[in-house]
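Comments concern the structure below.
Values in this text are rule-based calculations from the coordinates and carry no lab data. As the structure is a prediction and not an experimental result, all values here were calculated from the model. For neighbour counting, all protein chains shown are included, and Cβ atoms are generated from backbone atoms with ideal geometry for every residue, glycine included.
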Amino acid sequence: MLLELNDVLKEFLFDCEVKNYSIRTIKGYKNNNALFHNYLRQELKIEMLEEVEGIHIKKYIKFLVQKRSKPTYVNGVLKTIRAFF
């Protein structure tokens, strides 16, 4: 059974609520992972969780660096992606 990224993200955020994470933390997880998932869909044509590989995360980080995102922002994004997976 293949899992759609959006469905898994919703379940992940619900799990964060159950664990009583702060609203700010949940919002950060939601926003950063949604941007990552949009990148996966638009740039790499990936829709399913099982299709995501480590190289895709590295490509996204490289994309952020090339956009001249601040290192602290890139690190924060990486942490939220790590939490999701």
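Any chance you could tell me what percent of the C-alpha pair distances in the chain go past 18 Å? The partial results should precede the final answer.
Working: 1466 of 3570 pairs.
Tail fraction, whole percent: 41.
Given K10/K45; K19/K67; K30/K70; K19/K59, which pairs have Cα atoms separated by over 23 Å?
Working: K10/K45 20 Å; K19/K67 34 Å; K30/K70 20 Å; K19/K59 31 Å.
With Cα atoms farther than 23 Å apart: K19/K67; K19/K59.
Go through region 34-46 residue by residue and turn each phi into a ³J(HN,Hα) via Karplus (6.51, -1.76, 1.60, θ = phi - 60°); whole Hz please, and just put x for glycine and proline.
Each residue of region 34-46 in turn: 5, 5, 5, 5, 4, 4, 4, 5, 6, 8, 10, 6, 9 Hz.
Taking 0.36 nm per residue of sequence separation and subtracting the Cα-Cα distance, how much length would be gained by fully extending the chain between I26 and K70, in nm to one decimal?
Values: separation 44, 0.36 × 44 = 15.84 nm, distance 2.14 nm.
Extending this stretch completely gives an extra 13.7 nm.
Aspartates and glutamates near K58 by alpha-carbon distance under 18 Å, same-chain residues fewer than 8 away left out - which ones?
E43, E47, E50
Step through the residues of region 73-82 one at a time and calculate ³J(HN,Hα) from phi using the Karplus curve (6.51 cos²θ - 1.76 cosθ + 1.60, θ = phi - 60°), rounding each to whole Hz and writing x for Gly and Pro.
Each residue of region 73-82 in turn: 5, 4, 5, x, 4, 4, 5, 6, 5, 4 Hz.
Can you give the relative contact order of the chain as a percent, counting alpha carbon pairs under 8 Å and 6+ residues apart?
Working: 49 pairs, mean separation 33.8, N = 85.
Answer for the chain is 40 percent.
Tell me, what HN-Hα J-couplings in whole Hz come from the Karplus equation 6.51 cos²θ - 1.76 cosθ + 1.60 at θ = phi - 60° for each residue of region 9-18, using x for Gly and Pro?
So the Karplus estimates, Gly and Pro as x, are 5, 4, 5, 4, 5, 4, 4, 4, 5, 4 Hz.
Around G54, what is the net charge, scoring Lys/Arg as +1 and Asp/Glu as -1 over all other residues with Cβ under 13 Å from its Cβ? Can you show the working numbers first?
Working: positive: K58, K59, K62, R82; negative: E51, E53.
Result for the neighbourhood of G54: +2.
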